[in-house]
């Protein structure tokens, strides 16, 4: 990886104290049926989540941990517009998905549910099991190497911070009273 920038303590304190995330490396065109298999759509979200990516990575749902991230190829979330595809990733505690591109419907569903999607053309450089730090909308491989990602508009970052659009709307309603 090329050195793109260096950690600046004013961005969030001591680098060593920032939480790390484990990478799950996936390929391109991971579709919504792989994320939320159609055979389980009649069940609740926790049940669907137990089957997340079972056709791609059978061990994923049982081994993923809160704070982990997915690094994938082009077209993450292609397929149907089912909101559960993003919902299961939130339910499983993923911190972010890092990919070069996303399906438009999946992109909006993810942010509406508070899931951070980072658009990074070089996401393929992240390796299975690698420990990285996702801080705000920046991906740090180590103190000297940041993976460049496209900027995210503030209104979408607000949805991530408040854990979804419903909470954003509740806060706005509360503050307008």
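The values are calculated or read from the model by the stated rules, or taken from the named source; none is laboratory data. In this text, all values refer to a predicted model and were calculated from it rather than measured experimentally. Neighbour counts run over all protein chains shown; Cβ positions are idealised from the backbone, glycine included.
Summary table
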read-out: Some residue of region 79-88 being closer than 22 Å to residue 125 by Cβ, in contact with a helix residue (DSSP H, G or I) (Cβ under 8 Å, 6 or more places away or on another chain), surrounded by 12 or more Cβ atoms within 10 Å (Cβ to Cβ) and in contact (Cβ under 8 Å) with a residue 40 or more places away in the chain; value: no
read-out: Residue among 55, 67 that is closer than 24 Å to residue 125 by Cβ and surrounded by fewer than 16 Cβ atoms within 10 Å (Cβ to Cβ); value: 67
read-out: Number of positions in region 25-52 that are surrounded by 13 or more Cβ atoms within 10 Å (Cβ to Cβ), touching a helix residue (DSSP H, G or I) at 6+ places or on another chain (Cβ under 7 Å) and part of a helix (DSSP H, G or I); value: 6
read-out: Matching option when the condition is within 21 Å of the chain's Cα centre (by Cα), in a strand (DSSP E or B), modelled with pLDDT of 95 or more and over 15 Å from residue 90 (Cα atoms), among 22, 57; value: 22
read-out: Check on residue 110, modelled with pLDDT of 95 or more and closer than 18 Å to residue 33 by Cβ; value: yes
